[in-house]
Amino acid sequence: MPSPSPEIIQLLSVFSVAFTAPTFAKVMVLIFGTILAPGRRTVTAALRMMGLGDDPHYSKYHRVLNRDCWSPWLVSKILLSLIILIFLPVGTPLVLLIDETLERRRGKQIKYKGWFRDPILSTKKHVITSLGLRWVCLAVLVPVPWSQRPWALPFMTLLALGQKTSTRLNKRHHTIVQWAEFMIEKVRRWQPDREITLVGDGSYAAIALVQRCQRLKKPVKLVSRLRLDARLFALPAPQPKHKPGPKPKKGARQTQLSQHLEDPETDWKKLKVILYGKEHFIEFITAISLWHTPGQDPVTIRWVLVRCPEGSFEPAAFFCSDPRISAKQIIVWFALRWNIEVTFEELRAFLGFETQRQWSDRAIERTTPGLFGIFSLVTIMAKLLFPTELPVRQSSWYIKEEATFSDALAAVRRHLWSHLNYERSSKNPDLFLIPQDALFSLVDSACYSN
């Protein structure tokens, strides 16, 4: 079995407060086994990788997920604190990315499944739905020393049921916007003094979420996409003292953003920004307006309408709940949202996301968030083991410019493999000599296996 270095043991020991001592010992086995296992990330696969395939008491490891008492909220809080401690200097603002992803699952015993839009198979013109579980993930954006691109490290993942599934199970339905409100309030209580920016796609462009972010004791900046037909109004003019009655909440209706695109007299400003790793010359206009929908109080936002003369992307509008933020900063923040999509893809490719086979309700609620948390744990371990430069797999036909998560996972695996506890050989062992080059190739293949 692997015997990690004291740095790794000390790192993981901070999570012990969320578990009883026996449960935490089993959790350690599952964490290391999941990191080392290729293919499916099941409990049995983790046990095999830890040399416990013949353990007759294997069911006690399943109970960690479906029966044992421990606090997922406390684990999320500790994980967020660790990420901040390892990657972000004191006082650095938090940039949180929120998005939902689909875990394709079938089976009569999985009560929480439903039909949702499949982001991988769908296109702009054709929407394809798949049966599975929808997860809302909150990740913190951090710089890593081995990559120019910041990484999105998940620390909180919640199951968001569909409307029909909630009705069938007689549960109160929560939309993804309501889950986002709940999650950001949790983070604000955990980090009461930090500046926080929450970035999400158009699914989180809701006045209710803007109001919640603005009304927190220390407001959170919400950045999202804005519809081109959004109802925008001017700020209300001061009401004359001699005029009785309630004060107006909004001023005159403003021109729709889509009409600005068609107006030849629109005063576009030019800007050079780096989006998705490439330099773009864009044009934009911006203003402060009141965003309003019937039945809700209007909210003050700064909106930015962007178009690209090069034609590399279609015109789009974004907004921030803090009108003091500059247009350029809003554009940059929204472009950073793509990093959470990279995290979802790497979870599928290298940590076996969608290969889980638990079917009980509690195990489902714990397994996928745990797998997302292991993604962050692997990145933290790699940072502790290689503070400045991470070993990158190279070949003569492919020069890899910077490290990716596969290299971080391989580095952690190699560290765990190198700390194996070997038993003394018997008096008459069957000894096989393996050439060193062949041994290194086998280890390299094991470390980079999916």
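Find the residue count for region 50-63, including only residues that are aliphatic (A, V, I, L, M) and either under 27 Å from the mean Cα position of the chain (by Cα) or over 18 Å from Val378 (Cβ atoms) (or both).
1
Name every residue in region 325-355 that is not polar (S, T, N, Q) and not in a helix (DSSP H, G or I), in order of residue number.
Scanning region 325-355 gives Ile325, Arg337, Leu351, Gly352, Phe353, Glu354.
Six or more apart or on different chains, Cβ atoms under 9 Å: show the pairs whose first residue is in region 327-348 and free of Cβ contacts under 8 Å to residues at least 60 places away in the same chain and whose second is charged (D, E, K, R).
Ala327/Lys269; Ala327/Arg302; Leu347/Glu354; Arg348/Glu354
Would you mind finding the one in Leu158, Leu121 that is assigned to a strand (DSSP E or B) and of a type outside the set (Asp, Glu)?
The conditions single out Leu158.
Being of a type in the set (A, V, I, L, M), surrounded by fewer than 20 Cβ atoms within 10 Å (Cβ to Cβ) and at pLDDT 90 or above narrows it down to one residue among Ile98, Ile86; which is it?
Ile86
Take Trp146 and decide whether it is within 18 Å of Lys113 (Cβ to Cβ), of a type outside the set (A, V, I, L, M) and in contact with a Leu (Cβ under 6 Å, 6 or more places away or on another chain).
No.
Could you look through region 380-400, keep only residues that are in a loop (DSSP other than H, G, I, E, B) and of a type in the set (S, T, N, Q), and pick out the one that is farthest from the chain's Cα centre (by Cα)?
Residue satisfying both the conditions and the ranking: Ser396.
Which count do you get for residues in region 66-106 that are over 15 Å from the mean Cα position of the chain (by Cα) and either in a loop (DSSP other than H, G, I, E, B) or farther than 22 Å from Leu11 by Cβ (or both)?
15
From Leu336, Leu275, Leu271, grab the single residue that is surrounded by fewer than 18 Cβ atoms within 10 Å (Cβ to Cβ) and within 24 Å of Pro93 (Cβ to Cβ).
Only one candidate passes the filter, namely Leu271.
Return the residues of region 150-201 that are farther than 22 Å from Leu94 by Cβ, crowded, with 16+ Cβ neighbours inside 10 Å and of a type in the set (S, T, N, Q); say none if nothing qualifies.
Matches in region 150-201: Thr165, Ser166.
Out of all the residues in region 213-226, which are closer than 23 Å to Trp73 by Cβ and crowded, with 22+ Cβ neighbours inside 10 Å?
Cys213, Val220, Leu222
Which of the following residues is touching a residue at least 12 places away in the same chain (Cβ under 8 Å), out of contact with any Lys or Arg (no Cβ under 7 Å at 6 or more places or on another chain) and in a strand (DSSP E or B): Trp115, Trp146?
Being touching a residue at least 12 places away in the same chain (Cβ under 8 Å), out of contact with any Lys or Arg (no Cβ under 7 Å at 6 or more places or on another chain) and in a strand (DSSP E or B) holds for just one of Trp115, Trp146, which is Trp115.
Can you report the number of residues in region 209-222 which are within 22 Å of the chain's Cα centre (by Cα) and assigned to a helix (DSSP H, G or I)?
Result for region 209-222: 4.
Can you tell me which residue in region 346-403 is farthest from Asn66 (Cα to Cα), limited to those that are among the hydroxyl-bearing types (Ser, Thr, Tyr) and surrounded by fewer than 19 Cβ atoms within 10 Å (Cβ to Cβ)?
Applying the filter and picking the extreme gives Ser396.
Only one of Gly51, Gly107 is out of contact with any strand residue (DSSP E or B) (no Cβ under 8 Å at 6 or more places or on another chain), exposed (fewer than 13 other Cβ atoms within 10 Å of the Cβ), at pLDDT below 95 and over 20 Å from Phe344 (Cα atoms); which?
Selected residue: Gly107, the only one of Gly51, Gly107 that is out of contact with any strand residue (DSSP E or B) (no Cβ under 8 Å at 6 or more places or on another chain), exposed (fewer than 13 other Cβ atoms within 10 Å of the Cβ), at pLDDT below 95 and over 20 Å from Phe344 (Cα atoms).
If the Cβ limit is 9 Å and pairs must be 6+ apart or interchain, which residue in region 70-94 that is more than 23 Å from Trp333 (Cα to Cα) pairs with which residue that is part of a loop (DSSP other than H, G, I, E, B) and among the aromatic types (Phe, Trp, Tyr)?
Trp70/Phe19; Ser71/Phe19; Val75/Phe19
Quick check, is Val43 exposed (fewer than 13 other Cβ atoms within 10 Å of the Cβ) and within 25 Å of the chain's Cα centre (by Cα)?
For Val43, the condition - exposed (fewer than 13 other Cβ atoms within 10 Å of the Cβ) and within 25 Å of the chain's Cα centre (by Cα) - is not met.
Just give me the residues in region 1-28 being of a type in the set (A, V, I, L, M, F, W, C), part of a helix (DSSP H, G or I) and surrounded by fewer than 20 Cβ atoms within 10 Å (Cβ to Cβ), in sequence order.
Hits for region 1-28 are Ile9, Leu11, Leu12, Val14, Val17, Ala18, Ala21, Phe24, Ala25, Met28.
Checking Glu279 against (1) touching a residue at least 12 places away in the same chain (Cβ under 8 Å); (2) outside any loop (DSSP other than H, G, I, E, B), only one condition comes out false. Which one?
So Glu279 meets the others, but not (1).
The values are calculated or read from the model by the stated rules, or taken from the named source; none is laboratory data. Note that the structure is a prediction, hence the values are computed from the model and not measured. All Cβ positions, even for glycine, are placed from backbone atoms using ideal geometry, and neighbour counts span all protein chains on display.
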